[in-house]
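One structure is given here, and the rest of the page talks about it.
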Amino acid sequence: MNIIVTGASKGIGYDTVLEFSKNKENKIIAISRNINKLNDLKKVCYEKYNNEIKIIQYDITTSHIENQNLLDILENIEFVDIFINNAGILINKKFIDLTQEDWITTFDINFLAPVNLIRLLYPKLKNSKSAHIINISSMGGIERTQKFSGLSSYSSSKAALVNLTECLAEEFMDDNIHCNCLSLGSVDTEMFRAAFPSYHASVSSEEIAQFICNFSQNYRNLFNGKIIPIAISTP
Ligand SMILES: NC(=O)c1ccc[n+]([C@@H]2O[C@H](COP(=O)([O-])OP(=O)(O)OC[C@H]3O[C@@H](n4cnc5c(N)ncnc54)[C@H](OP(=O)(O)O)[C@@H]3O)[C@@H](O)[C@H]2O)c1
């Protein structure tokens, strides 16, 4: 399968790429800003699983939308089967302290970047026999779940991604592109530890990565436009 994962330099994205790379048939493109960490990931995938992944240093914010490296790689592949919209940021600030810039940055990375990337990848997803877009959202992005003080911009941006998932599933129906959303609870990563320093997340990013890979590869035919909560606790 041809697979693209954003936010691959650490946390859930890193482990998701590693998990996909166990299958040598998988051709993976890993995206993030930190080229050193991507190089480390590339090395690990090769040493552990003999899989030569492609890496792209790419700031996915709208001001950097054109990325020649990605365009060059896309020109040489006919289709994309799985696209994992995983990159995200979390600004933990009380609503009253959030600046206009905080809101724009959060929505840019957590919502507009997935929009832009799906637009860019659409022709390649359409060429796949089993295209599957996975949007990684949060429990806080689902209505009527517990909300947390300080996470208004983050949770609102993730709610937008939830809604986009349902819209795209409908709109891409005739193109045979399925779009689902995994709304995660607490996962032990840098992002979680920064947001909730006094909490312990019992779920590891490796466990979530296994789920993401299994779900995206094997359950695509059973789900479309679904918002799936993956949580045993909040937070
Ligand atoms: N951990 C949790 O408890 C939890 C819960 C619910 C949902 N989630 C969601 O799961 C996803 C992964 O989270 P995580 O916990 O693994 O976070 P993380 O460890 O902070 O990793 C975030 C990833 O996003 C990338 N990223 C951020 N801004 C970017 C930009 N402008 N351009 C390109 N890449 C960018 C980062 O790479 P660079 O810095 O190298 O660019 C990094 O690889 C996020 O969407 C998050 O909202 C996490």
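The values are calculated or read from the model by the stated rules, or taken from the named source; none is laboratory data. All values reported here derive from a predicted model rather than from experimental measurement. Quick reminder, even Gly has a Cβ in these numbers, built from the backbone with ideal geometry, and neighbours come from all protein chains shown. Keep in mind that these areas ignore ligands, DNA and RNA; they rest on the heavy atoms of the full protein, side chains included. Shrake-Rupley method; radii C 1.70, N 1.55, O 1.52, S 1.80 Å.
Pairs linking a residue in region 57-81 that is more than 12 Å from Ile29 (Cα to Cα) to a residue that is open to solvent by less than 60 Å² (accessible area, probe 1.4 Å) and among the acidic types (Asp, Glu), with Cβ atoms under 9 Å and 6 or more positions apart or on different chains, are Ile60/Asp108; Thr61/Asp108; Thr62/Asp108; Ser63/Asp108; Asn67/Asp59.
Do we have any residue at all in region 52-60 that's at pLDDT 95 or above, open to solvent by less than 70 Å² (accessible area, probe 1.4 Å), farther than 25 Å from Val115 by Cβ and outside any loop (DSSP other than H, G, I, E, B)? No, every residue in region 52-60 fails to be at pLDDT 95 or above, open to solvent by less than 70 Å² (accessible area, probe 1.4 Å), farther than 25 Å from Val115 by Cβ and outside any loop (DSSP other than H, G, I, E, B). Highlighted here are the helices (runs of 4 or more DSSP H) found entirely within region 72-189 that include at least 3 residues which are closer than 26 Å to Ser233 by Cβ and more than 9 Å from the ligand (Cβ to nearest atom): 152-171.
Within region 1-42, being in a helix (DSSP H, G or I) and more than 18 Å from Glu206 (Cα to Cα) holds for Ile35, Asn36, Asn39. Somewhere in region 167-190, is a residue in contact (Cβ under 8 Å) with a residue 60 or more places away in the chain, open to solvent by 30 Å² or more (accessible area, probe 1.4 Å), under 24 Å from Phe95 (Cα atoms) and touching a Lys or Arg at 6+ places or on another chain (Cβ under 9 Å)? Yes, that holds for at least one residue. For region 137-160, the set of residues classified as among the aliphatic types (A, V, I, L, M) and farther than 16 Å from Ile12 by Cβ consists of Ile142, Leu151, Ala159, Ala160, listed by residue number.
Specify the residue that is surrounded by the fewest Cβ atoms within 10 Å (Cβ to Cβ); the eligible residues are those in region 1-48 that are among the aromatic types (Phe, Trp, Tyr) and away from the ligand (no atom under 12 Å from the Cβ). Going through the qualifying residues, I end up with Tyr46.
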